[in-house]
Amino acid sequence: MTTAGTNPGVAPVLELEGIHKQFAGVAALRDVRLRLYPGEIHALMGQNGAGKSTLIKVLTGVLEASGGQMHLDGKPVWPGSPLAAQHLGISTVYQEVNLCPNLSVAENIFAGRYPRCGLAQGWRIDWAEVNRRARELAARVGLDIDVSRLLSSYPVAVQQLVAIARAISIESKVLILDEPTSSLDDDEVQKLFEVLRRLRDGGLAIVFVTHFLNQVYAVSDRITVLRNGTWVGEWRAAELGPQALIAAMLGRELAAQSAAAAAAPNFDTAAPALLQAEGLGQAGQLQAVDLRVRAGEVLGLAGLLGAGRTELARLLFGLETPDRGVLRIDGQTVSFSSPADAIRHGLALCPEERKTDGIVAELSVRENIALALQARMGVRRFLSRAEQTALAERFVQAMGIKTASVDTPIGLLSGGNQQKAMIARWLATEPRLLILDEPTRGIDVAAKQEIMEQILRLAQAGMAVIFISSEMSEVVRVAHRIVVLRDRRKVGELPAGSSEDAVYELIAAEHV
Amino acid sequence: MSEELRDSIEGHRGTGFAGPLVSPPEGEAAAGRFGGGLHFMRHRLAWPLITLLLLLAVNTAFNASFLHMEWRDGHLYGSLIDILNRAAPLVLVSLGMTMVIATRGIDISVGAVVAIAAAVAAWMIGGSVTGSVSRFPMPLAILAALGIALLCGLWNGLLVARVGMQPIIATLILMVAGRGIAQLITGGQIITIYYSPYFFLGSGYLLGLPFSLFIALVVFALLYLAVTRTALGLFVQAVGINPTAARVAGVQARRLVLAAYAFSGVCAGIAGLLISSNVKSADGNNAGQLLELDAILAVTLGGTALTGGRFSLVGSVIGALIIQTLTYAIYSLGVPPEINLVVKAVVVFAVMLLQSPEFRAEIAILMRRPTAPGVRP
């Protein structure tokens, strides 16, 4: 492998042109191109559903393109499988760490391609060689760890680097990182970036997919933007400012964020609470919490990860059973033994984990949207297929869900569209109180904004909302009142218009 | 999102996930991706049907009178009628099994429940040699047998839905214990039934067709209506595909699972009545032996994946008919008894491979390989 600098005179190591890809009748990619030069970090940007993941899958042999050309070092290639792509020198590190926690670091790095020795090099695994080379590779990504220890004994950040070490241990020319930073904290991200820069300087071409704009500018040399499955453009990172980048991704200027904040509260502060919790808690999960929400009010639940926000939501919704305190709805004491009970009282919960607790991937968008309403109506009062279709089409339109048809399996939709469908599922039940647990996580800027606007519109119409988010700026922007949690207990309440700093202060208070 | 997309796409290639019973167009769309020129070939029931027709053709080839039917003693008579009559118990058990499997479960106790129901009915009808008196009125005996079968199903359902046991372990308990219970009821003997009105269930005829056929048909029709005209089908699929999400959406998953096992128990109970009536006896040890395996096989052959979710009732019926036709073929072709299980296994294996879209795709790739651009070093 030859190494070269980032000067544009060098020939690209990988070049994709006119890539097409069809899915279930929908064109996921149309005439998309991508050029990678040796020794550069290339950010691949776009909203959810723009085609980034599809492009990467074509690039890594997971999917077969419907059309187009791919040149590696000037020669036409077409990886037919992920393995073939690896042999060509195209390596990938996926968003979730795809390693075996119960194997050692060295085993993880070489699993499936252990160096052999004895009887003409095919007989048994050369463990000394495995460990020696694993140490070398670990050092290359800046890790000084005992490679013979179990992977699970190291934190996620280290595991991420191990995944990179595994990827580059094959003679790599191109390294693809699909949202590598989503589970890392700031220090860990910086460390990862150092490693990436070092690998870049070694001549590797790195494709970097992320949702965090600041990270793009921190580390990448050039940017390719996709939108709705088409190629928008390719820029040097220095030439494309953040505003221009967002405009390229959205295809329009970003609406001022004040649009959301403008929503005035539409509730009577003297009105009795729709839902009231007194000393609600569960041993080991949440200490006694007092909470009240009125119709038309957006109550923000703020706190760091693990502060007990999700636990509180689960208690309110009957997913967990509280062992202390009382819950009242319209002043009547209630106790929920299952979500079905809570739903009957007009509650709805859009859970944090969309994939595991939300969507039923193989069922259609129509069935997914109708599910909660149907569950509320019971087995016998059946929504006919026509009624389900009408319901789903109404929400697809109202929420702007992008799908080929309402009969498309929801698993085929992008994350943001799945999330919109989940909210639609709950709006279909016409809830009095909607609990949204991290409704904007993992979705792009535009979808985020749309979802926030929807929430505020609903509150205006008289629905109570409990809004949970780890993005403090979001919480302070939409909430009429903010309940702050820390270490699984409530530490205070703040009025509307509080600053992010006020929330952080409350979290940090007594922390010393 | 990247993983989700891939998962769901690969999910579509799965054997069982060819589409739902309740909404056929999706099934066709999913199956359609694998080409196949004829429109008919894209239907998810195409392969099970082809298999059944193939087996019927083999039977006809070796036995010219196989398709022959005639009117004798006031009813239709022939090999096909015989197969249908004998398939009825398996069809019933397979329908119950389909619902259990759709909820991500499995019920391996059905054979034992067949034996228990048969034993209860036989004991209550009694072994009076005169043949005209029964110990208890026959309707009472039938209701008692079905009631016990329902209890068996509820027991399984409670262990799975309430206690949270793994379905295969939960039903293994009754699979083993059930044979003991059946033998306790029969006193360790084979109870011979002489009360002739009882024989009508398993060997009587109505409108010239076996009565058992009507029983299977009624159960099928009721279940079909239940899953297509109520939300049962949607709920069962949701629970089978993603139980957590279904629960969060307000589906009463536990009740649904309990009901599925209870239904499976009742189906096995009816099958037990049919079998004991047909052989005029109840054998605690052998009645319904290995029926659970045939039923699981029938469900799988019909295109329902063992991983739960999407299911097909029609598919399971066809699967049961395939197995009964195969059994018939093995006997009528004179396969030596000592190897007939092996022959059955080989045929079933071949059929399974043929029905697997992955396998067919692999074969297609192998045939295409020489023209594909070679990038693998």
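The numbers here are math on the coordinates, done by the rules we state, and not lab data. It should be emphasised that the depicted structure is a prediction, and the values quoted were computed from it without experimental measurement. All Cβ positions, glycine included, derive from the backbone under ideal geometry; neighbour counts span all protein chains shown.
Table for the structure above
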read-out: Shape of the stretch A:339-401, Cα gyration tensor, a/c cut at 1.5; value: oblate
read-out: Within 10 Å of each Cβ in A:345-353, the average number of Cβ atoms from other chains; value: 2
read-out: Projected label distance in nm at A:Ser337 and B:Val176, using a 7 Å step from Cα toward the beta-carbon; value: 3.2 nm
read-out: Rounded, prolate or oblate (a/c below 1.5 giving rounded, otherwise prolate when a/b exceeds b/c) for chain A by Cα gyration tensor; value: prolate
read-out: Point-to-point label distance, B:Phe349-B:Asn286, nm (Cα→Cβ direction, 7 Å offset); value: 2.8 nm
read-out: Cα gyration tensor shape for the stretch B:145-290, rounded if a/c is under 1.5, else prolate or oblate; value: oblate
read-out: Angle in degrees between helix A:127-140 and the longest Cα principal axis of chain A, rounded to the nearest 10; value: 70 degrees
read-out: Cβ-derived FRET efficiency at R0 45 Å, A:Arg394 paired with A:Glu194, nearest 0.05; value: 0.35
read-out: Net dipole in debye of the protein assembly as shown [+1 Lys, Arg Cβ; -1 Asp, Glu Cβ; about Cα centre; nearest 20]; value: 1500 debye
read-out: Degrees, to the nearest 10: A:186-201 long Cα axis against longest axis of chain A; value: 20 degrees
read-out: Which of A:Val162, B:Val299 has the fewest Cβ neighbours within 10 Å, and the rest in rising order; value: A:Val162, B:Val299
read-out: Per-residue Cβ neighbour rank within 10 angstrom, fewest leading, A:His87, B:His68; value: B:His68, A:His87
read-out: Nearest-ten-degree value, helix A:415-427 long axis tilted from longest Cα axis of chain A; value: 10 degrees
read-out: Taking A:Arg366, B:Arg310 and counting other C-beta atoms within 10 Å, the order from fewest to most; value: A:Arg366, B:Arg310
read-out: Residues in the stretch B:168-187 reached by a label modelled at B:Arg135 [backbone nitrogen below 17 Å; 7 Å Cα→Cβ]; value: B:181-187
read-out: Sites matching trypsin sites (Lys or Arg not before Pro) across the stretch A:134-242 that sit in DSSP coil, with at most 13 neighbouring C-beta atoms within 10 Å; value: A:Arg149
read-out: Estimated 222 nm signal from helices in chain A, with DSSP H stretches of n ≥ 4 weighted -39500 (n - 2.57), rounded to 500; value: -10000 deg cm²/dmol
read-out: Virtual spin-label span in nm between A:Glu320 and B:Ile339, 7 Å along Cα→Cβ; value: 6.3 nm
read-out: Number of partner chain Cβ atoms within 10 Å, mean per residue of B:251-260; value: 3
read-out: FRET efficiency, 1/(1 + (r/R0)^6) with R0 45 Å, evaluated for A:His87 and B:Ala61 via beta carbons; value: 0.35
read-out: Ratio of the Cα radius of gyration of the protein assembly as shown to 2.2 N^0.38 Å, where N counts its residues; value: 1.09
read-out: Computed FRET value (nearest 0.05) for A:Thr230 with B:Ser356, which takes r as the C-beta separation and R₀ as 30 Å; value: 0.20
